[in-house]
Amino acid sequence: PNASVTATSRGVLVVDGDEVTIIDPADGSVRYQESYDGSVTFAADTTVEGQSALVWQHGSTVQALLDGESRPIEYELTPESRLSSAGTSVLIRDGNALSTLGEDGLITIPTPSPGSTPMALDGDELISSPFDGPLSRTDIGSGEATEVELESPGEGLEIKEWKSAGHGLAISVWGEAGASTNSGHRLQLVVHSLDDGAVTSINEVSSADIGEAGWTRGQGYSLASIGPYLYDLDTGLLVLDGTDSGMQFGEPRGDLVPGTMSGDPVIAAGLLSDAPTAYATNADLLAVTDDARIAITRTGADRITAYPAG
């Protein structure tokens, strides 16, 4: 009953005291089980050199269980290392040094130019930028960098805050000179393509809605949420604006999104169709598998149940 659960399409990671168990969501079998001294502080459904993997961290040790494998790859980090899963692969920052996970150990990544902040690792490219742009895409093998100028969302607007980058998109907040994300001014939440810097979506927002909110990519990387707004990760387009209905979105689970509507728990469905619907429910939805055929829920203090679609 005291176990914590992180569910992904790669596996259901159950932490019970010092024991970690990874369960295959397709048939309930145990993919991997081990006991650790430290607690699990990071878990992500990501890729390792292009291969799908479930990655987790306990103490200064990181492990990656590739699809089809029964034993994880193990990596030792320094206590100062910080992991980010904003992109398609894990980015590791240790002071000014950057690296990622490889099949045979850590892979060193070239650092960006001074004044530029590394934000994500998409495939073989490091995404970085100084505060006011432009974005830079650096090939981690050759070190060759390509600048990406961001299209302005409007005359007289400037970048006020970076929210995130990765999975082909950059998310930032723009406003007029003098505006800030906690000033009460009207702002623009803008999504740009990392390919060419073109604007894919502009949404006028208030600082109250997005000032403290983070960009949360959903399990399965189909949808992303930020406060009362939901986006399609494939296109970068706004899917649903929940401000009028009082909707606040949680972390998307495949094509389903837990959240609250006027304070009551709901699960939103049909978000990529013409008829999105919010269902009132207290169900603790943990994940939806990649093919959207199985929904994983916590149905009690000591039970996880996988429900087939329909």
Packing-ranked peptide list from 90-97, 259-266, highest mean Cβ count within 10 angstrom first, is 90-97, 259-266
In whole percent, the fraction of accessible protein surface over the stretch 92-132 that belongs to carbon or sulfur atoms, probe radius 1.4 Å, stands at 48 percent
With every protein chain kept in place and a 1.4 Å probe, the chain has an accessible area per residue in Å² of 47 Å²
Interchain or sequence-distant (5+) residues whose placed amide H lies within less than 5 Å of the amide H of residue 150 are 135
Rounded to the nearest 500, the 222 nm mean residue ellipticity computed for the chain from DSSP H runs (n ≥ 4, each -39500 (n - 2.57)) alone is 0 deg cm²/dmol
If each K or R counts +1 and each D or E counts -1, the residues other than residue 91 whose Cβ falls under 13 Å of its Cβ total -2
In terms of the charge dipole of the stretch 188-259, which places +1 on Lys and Arg and -1 on Asp and Glu at the beta carbon, the residue among 229, 258, 201 farthest towards the positive end is 258
Per the rule of 0.36 nm per residue minus the C-alpha distance, extending residue 302 to residue 251 adds in nm 16.1 nm
Carbon/sulfur accessible area of the stretch 1-77, % of total, 1.4 Å probe, equals 40 percent
Among (1) 6, 25, 32, 26, 10, 1; (2) 5, 23, 29, 24, 14, 5, 0, 0; (3) 6, 27, 36, 24, 7, 1, 0, the value of P(r) over Cα pairs in 10 Å bins from 0, in percent computed for this structure carries the label (1)
Per the rule of 0.36 nm per residue minus the C-alpha distance, extending residue 212 to residue 149 adds in nm 20.1 nm
Ranking 136, 154, 181 by how far each Cα lies towards the positive end of the charge dipole of the stretch 126-198 (+1 on Lys and Arg Cβ, -1 on Asp and Glu Cβ), the top one is 181
Counting sequence-distant residues (5 or more places) and residues on other chains, those with an amide H built under 5 Å from that of residue 179 are none
The summed charge of the residue 34 Cβ neighbourhood (under 15 Å; Lys/Arg +1, Asp/Glu -1) stands at -4
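The values are calculated or read from the model by the stated rules, or taken from the named source; none is laboratory data. Note that this is a predicted model, so its numbers are computed, not measured. Don't worry about glycine lacking a Cβ; one is built from the backbone with ideal geometry, like all the others, and counts go over all protein chains shown. We work out accessible area using only protein heavy atoms, side chains counted, and drop any ligands, DNA or RNA first. Shrake-Rupley method; radii C 1.70, N 1.55, O 1.52, S 1.80 Å.
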